[in-house]
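J.: Sharing a structure with you now.
The values are calculated or read from the model by the stated rules, or taken from the named source; none is laboratory data. Just so it is clear, the model here is predicted, and its values are computed rather than measured. Cβ placement follows ideal geometry from the backbone for every residue including glycine, while neighbour counts extend to all protein chains displayed.
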Amino acid sequence: MSLREVKRIAIVDAGLITIALLIPALAHVIGPTARFLEPMRIALLGAIILVTERKNAYLLSLALPWISFSIVGMPVLWKASLMSIELLFNTLILYYILTSKINPALAAIISIVLSKLMYYGLKYICITTGILPPMDVFGAIYQQIIPILLLALLFWAGYRLANNRTNMI
């Protein structure tokens, strides 16, 4: 890979990651309706489709909750910690599943569901050990189904579009 190619990748990835980092903070400013659509996961899935280097997607998954926390104070500190772990887990699983040539929408659904189960498992452990005060662990499960399906559909469309564009070059 030439130095020019490395510079191009770095510039494109840096621009995409900067945009992705600002999406969740903007959604927190807009309000609960925007947060329902899981802007951090939208930014992450978009980055997974668009960034050239996987390590940049991994770093983004860790940074998304913290950048949002530092800009608008949301999510709260404990939640930002758990969300960083969740998003990193989501990224690892999604990349792994995509290598098996499974349908990208199904890969997105599986990775999101598994990462959410891991998040809620960690939250449950934190509550039962007294690290967090007693609270509802899961919230309304049915409210998570629609965003998961929408995210999977968006990921599938974006993934196909990106791969078709790559195959045309």
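J.: Quick check on the stretch 128-139. Is at least one of its residues in a helix (DSSP H, G or I) and either more than 12 Å from the chain's Cα centre (by Cα) or on the phi > 0 side of the Ramachandran plot (or both)? Talk me through it step by step, then tell me what you get.
T.: Let us first name the residues in the stretch 128-139 that are in a helix (DSSP H, G or I), namely 128.
Filter once more, so that each one left must be either more than 12 Å from the chain's Cα centre (by Cα) or on the phi > 0 side of the Ramachandran plot (or both): 128.
Yes, there is a match, as at least one residue in the stretch 128-139 is in a helix (DSSP H, G or I) and either more than 12 Å from the chain's Cα centre (by Cα) or on the phi > 0 side of the Ramachandran plot (or both).
J.: Would you mind telling me which numbered condition in (1) more than 23 Å from Phe89 (Cβ to Cβ); (2) in contact with a helix residue (DSSP H, G or I) (Cβ under 9 Å, 6 or more places away or on another chain); (3) not aromatic (Phe, Trp, Tyr) Ile17 fails?
T.: (1)
J.: Another one. Here is a check on your reading of the model: is Pro65 over 13 Å from the mean Cα position of the chain (by Cα) and crowded, with 18+ Cβ neighbours inside 10 Å?
T.: On the way: over 13 Å from the mean Cα position of the chain (by Cα): no; crowded, with 18+ Cβ neighbours inside 10 Å: yes.
Spelling it out, it is not the case that Pro65 is over 13 Å from the mean Cα position of the chain (by Cα) and crowded, with 18+ Cβ neighbours inside 10 Å.
J.: Just for the stretch 132-144: of the residues that are modelled with pLDDT of 85 or more and surrounded by 11 or more Cβ atoms within 10 Å (Cβ to Cβ), which one is farthest from Ile42 (Cα to Cα)? Even if it seems obvious, please write down each step before you answer.
T.: To start, the set of residues in the stretch 132-144 that are modelled with pLDDT of 85 or more comprises 132-135, 144.
This time we only want the ones that are surrounded by 11 or more Cβ atoms within 10 Å (Cβ to Cβ), so: 132, 144.
Details: Leu132: 27, Gln144: 14 Å.
Looking at the filtered set, the residue picked out is Leu132.
J.: All but one of (1) more than 26 Å from Asn103 (Cα to Cα); (2) without any contact (Cβ under 8 Å) to a residue 24 or more places away in the chain; (3) in contact with a Pro (Cβ under 6 Å, 6 or more places away or on another chain) hold for Pro39; state the number of the condition that does not hold.
T.: So Pro39 meets the others, but not (1).
J.: Continuing with this model, one more query. All but one of (1) in a helix (DSSP H, G or I); (2) of a type in the set (A, V, I, L, M, F, W, C); (3) within 23 Å of Leu153 (Cα to Cα); (4) at pLDDT 90 or above hold for Ile102, so report the exception by its number.
T.: Only one criterion in (1) in a helix (DSSP H, G or I); (2) of a type in the set (A, V, I, L, M, F, W, C); (3) within 23 Å of Leu153 (Cα to Cα); (4) at pLDDT 90 or above is unmet by Ile102, namely (1).
J.: Write out, first by first residue and then by second, each pair whose Cβ atoms fall under 9 Å of each other, whose residues are 6+ apart or on separate chains, and whose first residue, in the stretch 75-97, is touching a residue at least 40 places away in the same chain (Cβ under 8 Å) while the second is buried (at least 19 other Cβ atoms within 10 Å of the Cβ) and assigned to a loop (DSSP other than H, G, I, E, B).
T.: Partner pairs satisfying both residue conditions: Leu82/Pro75; Met83/Pro75.
J.: What is the number of the single condition among (1) surrounded by 13 or more Cβ atoms within 10 Å (Cβ to Cβ); (2) assigned to a helix (DSSP H, G or I); (3) touching a helix residue (DSSP H, G or I) at 6+ places or on another chain (Cβ under 8 Å) that Val29 does not meet?
T.: (1)
J.: Taking the stretch 48-79 on its own, how many of its residues are in contact with a helix residue (DSSP H, G or I) (Cβ under 7 Å, 6 or more places away or on another chain) and assigned to a loop (DSSP other than H, G, I, E, B)?
T.: 5
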